[in-house]
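The values are calculated or read from the model by the stated rules, or taken from the named source; none is laboratory data. The structure presented is a predicted model; accordingly, all values stated were derived computationally and were not measured. We place every Cβ from the backbone using ideal geometry, glycine too, and count neighbours over all the protein chains shown. These area figures cover heavy atoms from the full protein model, side chains too; ligands, DNA and RNA do not enter into them. Shrake-Rupley method; radii C 1.70, N 1.55, O 1.52, S 1.80 Å.
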Amino acid sequence: MSKSANGDSFIKKLTGSKVFLPLVCLFLVILINVIKSPSFLQISINNGVLYGRLIDIANRGSEIAILAIGMTLTIAVSAGTDISVGSVMALCASCCCTTLVGYGVASANKLNYPIFIGVIVGIFVGAVCGCFNGFMVARLKVQPMVATLVLYTAARAIGLLVSNNQNTYVRVEEYKYLGNFIKIGKWECPIPTPIFVAIICVALATLFLKKTALGMYIQSVGINKNASRILGINSVLIIFVCYVICGLCAGVAGTVASSRIYSADSNNIGLNFEMDAILAVALGGNSLAGGKFSLAGSIIGAYTIQALTTTLLAFGVKTEQAPVVKAIVIVLIVVIQAPAVQNYIKNRKARKISAGGGEAVAK
Amino acid sequence: MKKKANFNGNNLLLVITIVLFVVMYAIGCIVYGSKGFSQFQSFLNILIGNAGLICVTCGMTCVMITGGIDISVGSLVGLDCMILAYGMEKLHWSAITAVIVVLIVGIVFGVVQGFLIGILGIQPFIITMAGLFFARGMCAVITTEMVNVANETFKKWATIKINLPFGGYVNRRGIYMAPYIRITVVIALIVVALTFILLKFTKFGRSLYAVGGNETSAKLMGLNVKMTKMKAYILSSFLCSIGGILFCMNSMTGSVAQAKGLEMEAIASAVIGGTLLTGGVGNVIGSLFGVLITGTIDALVQFNGKLLSSWSSIAVSVLLCFFIILQAIFALIKERNKA
């Protein structure tokens, strides 16, 4: 008797956990893949590096995971998404490459500055973009999506200006490390570097949110801005900080994406990534209406999206067609989250329980 | 006394817009006068080039008056062009069938978005963003190639010249050149006029303002807020489809990349035209001027010839940013006066 009660509570704990839904989604996507091609789970070593579909998903999903960190915070704090992240990524990549090789150079084998300066410039530009968004949202109280709409168009265009309307190639072996594999002497790291970058970003964010009160403040401001202000929390500053973090994440993701193709392709880097990042947050079980958030859920959501994209491409769907499926998924998630639908489900459950109770009494 | 009371911050925004347009156009005439910018025809060319955008912006204005936003319009225009081109060229529809199909697609699109936003109460931005990616993806599902329109009837519609009786000039050979407009401009101006009447003099138009101004009091007044919102999105998508047809008459092609970023131009035009992002304030005349301003920026970049095309989108973003900040400052002042 007590055993079954324990089992009940365990299942409830499991299904009630925030990361349960995203994990189920990820599991489903992988299951479909395994059924389609049993070799999906295989991981082999080719030329000294790990090779396999799972590694590929973890590798390609890094940028989305990094973006999802910032996006989770902006959604939690202001109930609004930062739709400029994809464009900001392109701008950061352009700035990084242009700093390294100089303005107007299409392809270079020599660098003007050490690589880390270029990376820092890229991340710094991302932070500046975040500051701009944060100022508009926090101080001027513009709706987040409209405020970020400005950079959504402008950033990509500025990126084109910075790179003189061309793809700037950095043909230096060291520049590829960040987006591909690290080589030290003859030894080559078997795991793709973006995975490490994503892990470091997630670890830093978790540390920052758990060890300081920032995470608590963000949730508090997201749930009720005015009440938090009266409690003595500087809500304007908290919102601002969240947007800056989001900009920083976009900067990191942009430099990684640029290093992957060792060039700054302002037209294509980060294209539609804002959609993926928002979808990752929604899939992670976070409410798009702000308030409580779960970073772990968002990260799992990010890899689910990447797995979904890889699956779609494996099924022969073209890159341009993939957004249709993602759009349908995002609509389904928000419909389930919608208050009207939630109330309907609650009412039905209540009716069922009351009907069941009535029967029991009759017996 | 009464005049003074009417002249509040919102009217000021409209005045700023009109002044900005006049100043910008005057600068253009002075700088590029020798290249023919000061001719009446180049003004009409701005209208011809932006006829589709005018329709789209009218729909956007209606949605923004309710306090919402619709960023799916650019992709929907792209999808409309694709359906028109693919339908007429590959499926051999007649021009009229294709146009009707496009209008029906627009209404269906609007009904779905309106239901999700109005009835289920989901954030408009999320839904219309999903709509944006859905419509763009559907273009690719239809075909990823570029389809050119060669339908005779459609071509005839697109190339009709309507000569104006005034404003012409005599060219170097001594022939009188009458300025002309295309049928697209006539349709766009009719849409503006109808939307103006709809917003100003009908019950539906006034309820849009009421819902945008204060949703709770609109509800208490007995207005059906949910249905009003839903209708606004249907209207937006419908006007957007008309805009898509006009856009296709200009470009005569259908491709996946078409009309990318049009939503941004439409929102910018509406905001520049004095429509408040918070809802409740706005009119289509301002939006028309907003479109003319963005059109003038494009024309100026083109007349320069040396600037990269990305400059025009940067200029539009800067203007949008300027007007957003202006609106925010007005709102902050209003709040302070209340307190």
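Any residue at all in segment B:270-277 that's under 29 Å from A:ASN164 (Cβ atoms), under 12 Å from the mean Cα position of the chain (by Cα) and either crowded, with 24+ Cβ neighbours inside 10 Å or away from chain A (no Cβ under 12 Å) (or both)? Write out each step before concluding.
Residues of segment B:270-277 under 29 Å from A:ASN164 (Cβ atoms): none.
No, every residue in segment B:270-277 fails to be under 29 Å from A:ASN164 (Cβ atoms), under 12 Å from the mean Cα position of the chain (by Cα) and either crowded, with 24+ Cβ neighbours inside 10 Å or away from chain A (no Cβ under 12 Å) (or both).
Could you list, in sequence order, the residues of segment A:214-232 that are within 15 Å of A:GLY291 (Cα to Cα) and among the hydrophobic types (A, V, I, L, M, F, W, C)?
Residues satisfying the conditions are A:LEU214, A:MET216, A:ILE218, A:VAL221, A:ILE223, A:ALA227.
Does B:PHE154 fit the bill of being within 27 Å of B:ILE83 (Cβ to Cβ), at pLDDT 85 or above and of a type in the set (Phe, Trp, Tyr)?
Numbers: within 27 Å of B:ILE83 (Cβ to Cβ): yes; at pLDDT 85 or above: yes; of a type in the set (Phe, Trp, Tyr): yes.
So B:PHE154 passes the test.
Would you call B:ILE126 closer than 30 Å to B:LYS219 by Cβ, within 14 Å of another protein chain (Cβ to nearest Cβ) and surrounded by fewer than 20 Cβ atoms within 10 Å (Cβ to Cβ)?
Details: closer than 30 Å to B:LYS219 by Cβ: yes; within 14 Å of another protein chain (Cβ to nearest Cβ): yes; surrounded by fewer than 20 Cβ atoms within 10 Å (Cβ to Cβ): no.
No.
Which one is surrounded by the fewest Cβ atoms within 10 Å (Cβ to Cβ), of the residues in segment A:335-357 that are touching a Gly at 6+ places or on another chain (Cβ under 9 Å) and aliphatic (A, V, I, L, M)?
First, pick out the residues of segment A:335-357 that are touching a Gly at 6+ places or on another chain (Cβ under 9 Å): A:338-340.
Add one more test, that the residue is aliphatic (A, V, I, L, M), and what stays is A:338, A:340.
Details: A:ALA338: 19, A:ALA340: 12.
Here the residue is A:ALA340.
Does segment B:246-267 include one or more residues that are modelled with pLDDT of 90 or more, in a helix (DSSP H, G or I), within 14 Å of another protein chain (Cβ to nearest Cβ) and under 15 Å from the mean Cα position of the chain (by Cα)?
Yes, segment B:246-267 contains at least one residue that is modelled with pLDDT of 90 or more, in a helix (DSSP H, G or I), within 14 Å of another protein chain (Cβ to nearest Cβ) and under 15 Å from the mean Cα position of the chain (by Cα).
Would you call B:ILE314 surrounded by fewer than 18 Cβ atoms within 10 Å (Cβ to Cβ), of a type in the set (Val, Ile, Thr), more than 15 Å from the chain's Cα centre (by Cα) and more than 30 Å from B:ALA158 (Cα to Cα)?
Values: surrounded by fewer than 18 Cβ atoms within 10 Å (Cβ to Cβ): no; of a type in the set (Val, Ile, Thr): yes; more than 15 Å from the chain's Cα centre (by Cα): yes; more than 30 Å from B:ALA158 (Cα to Cα): yes.
Answer is no for this residue.
Restricted to segment A:151-169, and to residues that are in contact with a Leu (Cβ under 6 Å, 6 or more places away or on another chain) and not polar (S, T, N, Q), which residue is nearest to the other protein chains (Cβ to nearest Cβ)?
Applying the filter and picking the extreme gives A:ILE158.
Going by the conditions given, is A:ARG139 buried (at least 23 other Cβ atoms within 10 Å of the Cβ) and not acidic (Asp, Glu)? Before the answer, list the steps.
Values: buried (at least 23 other Cβ atoms within 10 Å of the Cβ): no; not acidic (Asp, Glu): yes.
Judged against the criteria, A:ARG139 is not a match.
Within segment A:122-132, can one find any residue that is assigned to a helix (DSSP H, G or I) and under 27 Å from B:THR275 (Cβ atoms)? Can you show your working first?
To start, the set of residues in segment A:122-132 that are assigned to a helix (DSSP H, G or I) comprises A:122-132.
Checking which are under 27 Å from B:THR275 (Cβ atoms) leaves us with A:129, A:132.
So far as segment A:122-132 goes, yes, one or more of its residues are assigned to a helix (DSSP H, G or I) and under 27 Å from B:THR275 (Cβ atoms).
Search segment B:245-256 for residues that are over 14 Å from B:GLU89 (Cβ atoms) and pair each with any residue that is open to solvent by less than 40 Å² (accessible area, probe 1.4 Å) and among the acidic types (Asp, Glu) when their beta-carbon atoms are under 9 Å apart and the residues are at least 6 apart or on different chains.
Listed pairs, sorted by first residue: B:ILE245/B:ASP80; B:PHE247/B:ASP80.
Need the failing condition index for A:GLY179 against (1) touching a Ser or Thr at 6+ places or on another chain (Cβ under 7 Å); (2) closer than 17 Å to A:GLY270 by Cα; (3) more than 12 Å from every other protein chain (Cβ to nearest Cβ); (4) in a helix (DSSP H, G or I), just the number.
(4)
State which residue is farthest from the chain's Cα centre (by Cα) when the search covers only segment A:266-278 and only residues that are at pLDDT 85 or above and among the aliphatic types (A, V, I, L, M).
A:ILE269
Does segment A:28-57 hold any residues that are open to solvent by 30 Å² or more (accessible area, probe 1.4 Å), closer than 17 Å to A:GLY284 by Cβ and in contact (Cβ under 8 Å) with a residue 24 or more places away in the chain, and which are they?
A:ILE30
Count, please, the residues in segment B:160-206 that happen to be under 28 Å from B:CYS248 (Cα atoms), open to solvent by 50 Å² or more (accessible area, probe 1.4 Å), assigned to a loop (DSSP other than H, G, I, E, B) and modelled with pLDDT under 80.
1
Starting from residues that are modelled with pLDDT of 85 or more and within 10 Å of A:VAL170 (Cβ to Cβ), keep the ones in segment A:100-117 and report whichever is most open to solvent (accessible area, probe 1.4 Å).
Looking at the filtered set, the residue picked out is A:ILE115.
Somewhere in segment B:150-158, is a residue among the polar types (S, T, N, Q), open to solvent by less than 60 Å² (accessible area, probe 1.4 Å) and either away from every other protein chain (no Cβ under 14 Å) or more than 24 Å from the chain's Cα centre (by Cα) (or both)?
Pass one, segment B:150-158, residues among the polar types (S, T, N, Q): B:151, B:153.
If we keep only those that are open to solvent by less than 60 Å² (accessible area, probe 1.4 Å) too, we end up with B:151.
With the extra rule that they be either away from every other protein chain (no Cβ under 14 Å) or more than 24 Å from the chain's Cα centre (by Cα) (or both), the set shrinks to B:151.
Yes: one or more hits.
Within segment B:292-339, which residues are at the interface with chain A (Cβ under 9 Å from one of its Cβ atoms) and of a type in the set (A, V, I, L, M)?
B:LEU308, B:ILE314, B:VAL316, B:VAL318, B:LEU320, B:ILE324, B:ILE325, B:ALA328, B:ILE329, B:ALA331, B:LEU332
Just a yes or no: is a residue in segment B:50-66 part of a helix (DSSP H, G or I), open to solvent by 10 Å² or more (accessible area, probe 1.4 Å) and closer than 21 Å to B:ASN151 by Cα? Break it down into steps so the answer makes sense when it comes.
Step one: list which residues in segment B:50-66 are part of a helix (DSSP H, G or I), which gives B:51-65.
Filter again for open to solvent by 10 Å² or more (accessible area, probe 1.4 Å), leaving none.
No - not one qualifying residue is present in segment B:50-66.
Considering only residues of segment A:306-334 that are within 13 Å of chain B (Cβ to nearest Cβ) and among the hydroxyl-bearing types (Ser, Thr, Tyr), which is least open to solvent (accessible area, probe 1.4 Å)?
A:THR309
Considering only segment A:126-177, state which residues are free of Cβ contacts under 8 Å to residues at least 60 places away in the same chain and over 24 Å from the mean Cα position of the chain (by Cα).
Scanning segment A:126-177 gives A:LEU140, A:LYS141, A:LEU161, A:ASN165, A:GLU173, A:GLU174.
Report, by residue number, each residue of segment B:320-339 that is under 26 Å from A:ALA155 (Cβ atoms) and aliphatic (A, V, I, L, M).
Pass one, segment B:320-339, residues under 26 Å from A:ALA155 (Cβ atoms): B:320-329, B:331.
Result: B:LEU320, B:ILE324, B:ILE325, B:LEU326, B:ALA328, B:ILE329, B:ALA331.
Scan segment A:133-140 and tell me whether some residue there is farther than 30 Å from B:LEU262 by Cα, within 14 Å of chain B (Cβ to nearest Cβ) and in a helix (DSSP H, G or I).
No, segment A:133-140 contains no residue that is farther than 30 Å from B:LEU262 by Cα, within 14 Å of chain B (Cβ to nearest Cβ) and in a helix (DSSP H, G or I).
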